[in-house]
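*Asks:* The structure is given below, and queries will be raised subsequently.
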Amino acid sequence: MKILYISRKYDYGDPKRGFNFNHYNFYDSLVKINNREHQVIYFPFDEIMLEKDQEAMNKMLVERVAQEKPDLCFFCISGNEIKKETIKEISKKTVTFNWFWDDHWRFDNYSKYWASCFNWIATTDSLAINKYYKIGYKNVIKTQWACNHFLYKPLNLEKIYDLTFIGQPHGKRKKIIKKIKKAGLKINCWGKGWPRGRISQEEMIKIFSQSKINLNFSNSSIRPPLKAIGGIFLGRHWISNLRSFINRRRRKQIKGRNFEIPGCKGFLITDSADNLEDYYQDGKEIVIYKDVDDLIDKIKYYLTCPEERERIAEAGYQRTLKDHTYEKRFQKIFKTIGLYNSVNL
């Protein structure tokens, strides 16, 4: 199978920030899955737009499709850089698919306006299927984040950290971290906005293996109130923007960390999100906390129980390899789309 992969390459389109999540997880997985059996062609539209304008980039994409004649155009877009007209034109020539993320809060002001451009789409939101059906779109696949097991792997390293968190300090995260420290627990934090700053992909994977406990938060980032209010009421879709903002504050999402940490055989404590317990067993493969007090109690408990901690981490690792790799996700997606016979996963 020949796949034309269309996505940003860099984090927020900035080469100085390094590769983005999609590159490390989607592209890298697609390339490494039986790479002798199929071909993946990269169309990094953000990199192209560093030299060409939007119109020229869209024209290049149409030309690339005509030239390569791919079996599948695998899109990962969440903006308007690639025009609807471009996608619709390509969808008449080959199978198009887009992975929609953040449907928990972006369905009303983005996804529902773009879904019809693609032959198939995927969503990670358990409630989004019915939303797509209500707008008359049926070719929707419920999937979830996963672990790129070609990249995220256990490392036989000494546990030098008691408790770690990698991510931005938005929402209530700073307050939670402050309460953890106040309880006498030492925690190391990395990411934009923390004193230690951002770290590389390689450093992150290393820390997963060096930590006795890896912490994850499932809340989405919230924009500053004044900016948010302005964004909500400007434009013709202000009602949809308001719904999206409310959902962003209310609903918690499963994150990539929920799979990446167990995929490195790291011990994970996380808050619950959407249908997380459909993927891992609480207390057996990962640990889920209810509130801050419960979180602190569980941190203290598991720091004193290394054997139980390692047993849960091992079970989470085995579950991840069995059910939650991007190889497994793509296998199901390609089968649903009707391209399963084209690739042997």
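*Asks:* Out of Glu51, Glu63, Glu47, which single residue is surrounded by 15 or more Cβ atoms within 10 Å (Cβ to Cβ), over 24 Å from Ala128 (Cα atoms) and at pLDDT 95 or above?
*Replies:* Of Glu51, Glu63, Glu47, the one residue that is surrounded by 15 or more Cβ atoms within 10 Å (Cβ to Cβ), over 24 Å from Ala128 (Cα atoms) and at pLDDT 95 or above is Glu47.
*Asks:* Of all residues in region 178-193, which are outside any loop (DSSP other than H, G, I, E, B), farther than 10 Å from Ile296 by Cα and touching a residue at least 12 places away in the same chain (Cβ under 8 Å)?
*Replies:* Selection gives Asn188, Cys189, Trp190.
*Asks:* Oh, and also: Test Tyr110 against the stated conditions and say whether it is buried (at least 16 other Cβ atoms within 10 Å of the Cβ), at negative phi and either among the hydroxyl-bearing types (Ser, Thr, Tyr) or assigned to a loop (DSSP other than H, G, I, E, B) (or both). Write out each step before concluding.
*Replies:* Values: buried (at least 16 other Cβ atoms within 10 Å of the Cβ): yes; at negative phi: yes; either among the hydroxyl-bearing types (Ser, Thr, Tyr) or assigned to a loop (DSSP other than H, G, I, E, B) (or both): yes.
Judged against the criteria, Tyr110 is a match.
*Asks:* Failed condition for Phe259, given (1) out of contact with any strand residue (DSSP E or B) (no Cβ under 7 Å at 6 or more places or on another chain); (2) in contact (Cβ under 8 Å) with a residue 24 or more places away in the chain, with all others met?
*Replies:* (1)
*Asks:* So if I check each of Leu151, Leu155, Leu163, which one is surrounded by 15 or more Cβ atoms within 10 Å (Cβ to Cβ) and part of a loop (DSSP other than H, G, I, E, B)?
*Replies:* Numbers: Leu155 fails: surrounded by 15 or more Cβ atoms within 10 Å (Cβ to Cβ); Leu163 fails: part of a loop (DSSP other than H, G, I, E, B).
From the options Leu151, Leu155, Leu163, the qualifying one is Leu151.
*Asks:* Could you list, in sequence order, all residues of region 125-143 that are under 30 Å from Glu203 (Cα atoms) and surrounded by fewer than 21 Cβ atoms within 10 Å (Cβ to Cβ)?
*Replies:* Of the residues in region 125-143, the ones under 30 Å from Glu203 (Cα atoms) are 125, 143.
Passing the criteria: only Thr143.
*Asks:* Then there's this: Every residue in region 72-84 that is in contact (Cβ under 8 Å) with a residue 24 or more places away in the chain and surrounded by fewer than 19 Cβ atoms within 10 Å (Cβ to Cβ), please.
*Replies:* Initially, region 72-84 is screened for residues in contact (Cβ under 8 Å) with a residue 24 or more places away in the chain, giving 72-78, 81-84.
Residues satisfying the conditions are Ser78, Glu81, Lys83, Lys84.
*Asks:* Under 8 Å by Cβ, and 6 or more places apart or on different chains, what pairs join a residue from region 128-149 that is over 16 Å from Phe330 (Cα atoms) with one that is in a strand (DSSP E or B) and of a type in the set (D, E, K, R)?
*Replies:* Going by the 8 Å Cβ cut-off, the qualifying pairs are Ala128/Lys142; Ile129/Lys142.
Conditions (1) of a type outside the set (Val, Ile, Thr); (2) surrounded by fewer than 18 Cβ atoms within 10 Å (Cβ to Cβ); (3) modelled with pLDDT under 95, marked per residue:
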{"position": "Pro195", "(1), (2), (3)": "yes, yes, no"}
{"position": "Met204", "(1), (2), (3)": "yes, no, no"}
{"position": "Lys212", "(1), (2), (3)": "yes, no, no"}
{"position": "Asn219", "(1), (2), (3)": "yes, no, yes"}
{"position": "Pro224", "(1), (2), (3)": "yes, yes, yes"}
{"position": "Gly231", "(1), (2), (3)": "yes, yes, yes"}
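The values are calculated or read from the model by the stated rules, or taken from the named source; none is laboratory data. What you see is a predicted model, and the numbers here were worked out from it, not measured in a lab. For neighbour counting, all protein chains shown are included, and Cβ atoms are generated from backbone atoms with ideal geometry for every residue, glycine included.
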